[in-house]
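In what follows, a single structure is set out as structure tokens and then discussed.
Read-outs throughout are calculated quantities, based only on the coordinates presented, and are distinct from any laboratory measurement. Fair warning: this is a prediction, and the values are worked out from it, not measured in the lab. All Cβ positions, glycine included, derive from the backbone under ideal geometry; neighbour counts span all protein chains shown.
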Amino acid sequence: MRHLLFTILFSVAQTGYTSNPIPTTTTTPPPSGAFTAEVKRQVDQFAERWNRHDMKAFAELFASDAEFVNVVGIWWKGRDEIYKAHQFTHSNMFKNSHLTVLETAIRSPKDGIVIARSRWRLEGHMAPDGGSLPPRTGLLVNILQRTDTGWLIIDSQNTDIIEGALSRPQ
């Protein structure tokens, strides 16, 4: 089954088909300026707390039952697992790293819920053997929910961008 799925995805990627086959209609208005600024501040806090390597403060950005899938597909469930995983990696491979949010797009599919997609750049991280690694870029998708105390991340998926993988250059 996995081989069949890969074959289908590879075939679609090789056709050069780049338009979205699913019509995109939005029934909710785009977020307002103040609303967008609040969410953008929360996304910026993701990078700011990462760069301070303060994983306790980082974990506070997440709801208690949040989920997070990292760039290699490890799936953490709950704020405590998210904290422990990041605390561990920031004591070694990410201890000198610096995360920059390059751009963020925000949309609200439902009142009180937003999807924030952010392109990022990471520098200063290390390989398991302690050697330095080249900078990398990726895309972070955070789904946030408005609460009485502000916006909390309820789900997060991080993806490395690998230029040219399964697609044709434009």
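How large is Rg over Rh for segment 31-160, taking Rg from the Cα atoms and Rh as the Kirkwood inverse mean of 1/r across Cα pairs? All intermediate terms of the calculation are to be shown ahead of the outcome.
Details: Rg = 14.3 Å, Rh = 14.9 Å.
Dividing the radius of gyration by the Kirkwood radius yields 0.96.
Between the C-alpha center of segment 90-110 and that of segment 44-65 there is a gap of 10 Å.
On the basis of the beta-carbon distance and an R0 of 30 Å, Asp160 and Asp44 show a calculated FRET efficiency of 0.90.
Ranked by how many other Cβ atoms sit within 10 Å of their own Cβ, fewest first, the residues Glu163, Glu38 fall in the order Glu163, Glu38.
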